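So the structure is just underneath, and the comments pick up after that.
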Amino acid sequence: MHEVIETFASEQSKVYELIEHSFLDEKVKRMYKQSYQERLHRFQRSDN
């Protein structure tokens, strides 16, 4: 269980790779990346 939580609490480079290879325009890609970073940060704070 702890391994699963750690996976979600750590930044995943695959997320960025998938966003970059998507058909979204650059503005939306930036928004997705920012949203991911914000959610990741919130998750890390609540994990402590």
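The values are calculated or read from the model by the stated rules, or taken from the named source; none is laboratory data. Quick caveat: nothing in here was measured; it's all calculated off a predicted structure. Heads up, the Cβs are rebuilt from the backbone with ideal geometry, glycines too, and the neighbour counts pull from every protein chain shown. The protein model used for the area step is the full one, side chains on, heavy atoms only, and it has no ligands, DNA or RNA in it. Shrake-Rupley method; radii C 1.70, N 1.55, O 1.52, S 1.80 Å.
Key figures
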item: Residues of region 1-13 satisfying the condition of being part of a loop (DSSP other than H, G, I, E, B) and either in contact with a Gly (Cβ under 7 Å, 6 or more places away or on another chain) or open to solvent by 90 Å² or more (accessible area, probe 1.4 Å) (or both); result: Met1, Glu11
item: Members of region 18-48 found to be over 26 Å from Glu6 (Cβ atoms) and either in a helix (DSSP H, G or I) or touching a helix residue (DSSP H, G or I) at 6+ places or on another chain (Cβ under 6 Å) (or both), listed by number; result: Glu26, Lys27, Val28, Lys29, Arg30, Met31
item: Leading residue by the ranking (nearest to the chain's Cα centre (by Cα)) among those in region 14-24 that are without any contact (Cβ under 8 Å) to a residue 12 or more places away in the chain and open to solvent by less than 90 Å² (accessible area, probe 1.4 Å); result: Glu17
